[in-house]
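To start, the structure under review is shown below, and the notes come after it.
The values are calculated or read from the model by the stated rules, or taken from the named source; none is laboratory data. Remember, predicted model here, so these are calculated numbers, not experimental data. Heads up, the Cβs are rebuilt from the backbone with ideal geometry, glycines too, and the neighbour counts pull from every protein chain shown.
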Amino acid sequence: MSHHIVEVRDLAFAYPDGTEALKGVSFRVTHGECVAVIGGNGAGKSTLLQHLNGYLMPQHGDVRVGDFSLTPETATMVRRSVGMVFQDPDDQLFMPTVIEDVAFGPLHSGLSAREVEERATSALERVGMAHLRARPPYKLSAGEKRAVAIATVLSGEPDVLVMDEPSSNLDPRGRRRLMDLLRSFEHTRIIATHDLEMVVEICPRVIVLDAGRVMADGPAGEILGDESLMLRHGLEKPHSLRHHHPH
Amino acid sequence: MSAGSATFLEVGRMDELARLDSPVHRLDARAQVLTAMAFILVVMSFPRYEVSALMPLFVYPVAVIAAGNLPVGVLLRKLAVAAPFALFVGIFNPLLDRHGVTTVGSFPVTGGWLSFSSIMVRFVLTVSAALILIACTGIHRLCAGLERLGMPNVFAVQLLFLYRYFFVVGDEGLRMRRSVEIRSTDTRSLGFRVYGHLIGHLLIRAMDRAQRIYRAMLARGFNGEIRVLQQTQPGWREAAYVAGWTAFFLVVRVWNLAEWLGGRLAGSGS
């Protein structure tokens, strides 16, 4: 199925103030892959993510999601197939109740009331939050908010999931649950994160961004284990990949 | 962090009330909008010195509060928040309009005090009607209802966003105030310059956040159309609700029920 593929070719983007956030980024993510995009602050991760669901338009180069090349005309189609989970769940949850928030996407794609209800309920069940359906989102814990934010995206039945720092602000148990959840998905997943230990556990492939360029792209073990590469780009070799000393 | 958002003007309370289930809540939003509009129009149409004839209109808010299981305390608090505005509108009337128009017992009442009382009564009536409307529909159903009644989509969406972002800005403001308080323990007043910076900063932060929320809405297919989960179709219950209340309002408008009732009681007493 070709629509699960995300292909970025020579993507460049400069903000109006002249900051060049992306300077020719290329990669291709195929069906069902789980890819981490890592890099220091200001490496261009957020700018890249904003291109993947058509919030920013390529100034140069091309973003392809499935059969569509991203243009203002195809943005709606692209958004339908790419589910975007924002870094701050408070930005993502804006409706008065959890169920209404989860139903927002399907409701706006013109489904019937029954279908909307079914999709919203099954998305909530998928993330284990069905018991929260009538609660107002702002009263949930950080972990619950994150799970609900993911459900709001799942209910749109996207082919690709794009997530910005999904494990931030979570306690260890919440983070563990999130990782189990992410691992269980069959979607193509692109995850921007600083949580390298999480990357070790759930992402077989890693893309390193620095100063708007792809510095490395390959198997997670190889890249994360390369201490000098990691340090050069403002990163660190994850503790779990360090040599284990017998204590 | 969510403590701030929960306490700010009790943001969630109105939304929570809107989720209650009662015969009134189950009515189509359009019926409730029409009734509230008819009510407000009738209240506004009374002459400026009228007080007693307005009294029977309290039946409407009281009946809806009772039927809708709404907590009176919450509504009264919200009413109190808005009260200073009405007070300012009416406060000069007693000073400017000093000729006597009527007497209560042997005590002469000036036109100013009468119109001031009238303004306050109207304020309580209209604002409580608006609060009740929101508490029985919720802002989303309300906006969707307004739109289906023919309000241009642009206005309905504006109203929706005004409501949402009002709280977003308030929330940012609370957070900023907290950070200011933490760092200014020994100074009592901060001066205009600091407040100027704070307000400018608040605006930028609120706009940033609004931008992010909008992005999240776009990402999930928002296209400027308000859609709600529980679509209701108006039926005979809605028709009866609107017709019944409107008829009552008109009766109250045409005949002064309070005076009539007073006269009857006085008549039977003597």
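Give the range A:1-24 a look and list any residue that's within 17 Å of the chain's Cα centre (by Cα) and crowded, with 18+ Cβ neighbours inside 10 Å, or say none.
Across the range A:1-24, the qualifying residues are A:His4, A:Ile5, A:Val6, A:Val8.
The rows are residues; the columns are (1) touching a Gly at 6+ places or on another chain (Cβ under 6 Å); (2) in the same structural domain as B:Ala206 (by TED's automatic domain parsing).
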| site | (1), (2) |
| --- | --- |
| B:Ser128 | no, no |
| B:Leu131 | no, no |
| B:Cys143 | no, no |
| B:Glu147 | no, no |
| B:Leu162 | no, yes |
| B:Phe166 | no, yes |
| B:Leu174 | yes, yes |
| B:Ser179 | no, yes |
| B:Arg183 | no, yes |
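Please specify each residue of the range A:78-103 satisfying the condition of being in contact with a strand residue (DSSP E or B) (Cβ under 8 Å, 6 or more places away or on another chain), crowded, with 24+ Cβ neighbours inside 10 Å and within 7 Å of chain B (Cβ to nearest Cβ).
A:Met84, A:Gln92
Could you say which residue among A:Thr193, A:Thr121 is of a type in the set (Ser, Thr, Tyr) and either surrounded by 23 or more Cβ atoms within 10 Å (Cβ to Cβ) or away from chain B (no Cβ under 14 Å) (or both)? I'd like the intermediate steps shown before the answer.
Working: A:Thr121 fails: either surrounded by 23 or more Cβ atoms within 10 Å (Cβ to Cβ) or away from chain B (no Cβ under 14 Å) (or both).
Residue meeting the stated conditions: A:Thr193.
Applying the selection to the range B:197-235, what residues are more than 14 Å from chain A (Cβ to nearest Cβ), under 27 Å from the mean Cα position of the chain (by Cα) and not in a loop (DSSP other than H, G, I, E, B)? Step through it out loud before you land on a result.
Keep residues of the range B:197-235 that are more than 14 Å from chain A (Cβ to nearest Cβ), which gives B:197-204, B:234-235.
Cutting the leftovers down to under 27 Å from the mean Cα position of the chain (by Cα) gives us B:199, B:202-203, B:234-235.
Those that are more than 14 Å from chain A (Cβ to nearest Cβ), under 27 Å from the mean Cα position of the chain (by Cα) and not in a loop (DSSP other than H, G, I, E, B): B:Ile199, B:Leu202, B:Leu203.
So, of the residues in the range A:124-139 that are at the interface with chain B (Cβ under 9 Å from one of its Cβ atoms) and surrounded by fewer than 20 Cβ atoms within 10 Å (Cβ to Cβ), which turns out to be modelled with the highest pLDDT? It would help to see each step written out before you state the result.
Keep residues of the range A:124-139 that are at the interface with chain B (Cβ under 9 Å from one of its Cβ atoms), which gives A:134, A:136, A:138-139.
From what's left, surrounded by fewer than 20 Cβ atoms within 10 Å (Cβ to Cβ): A:134, A:139.
Details: A:Ala134: 85, A:Lys139: 80.
It comes out as A:Ala134.
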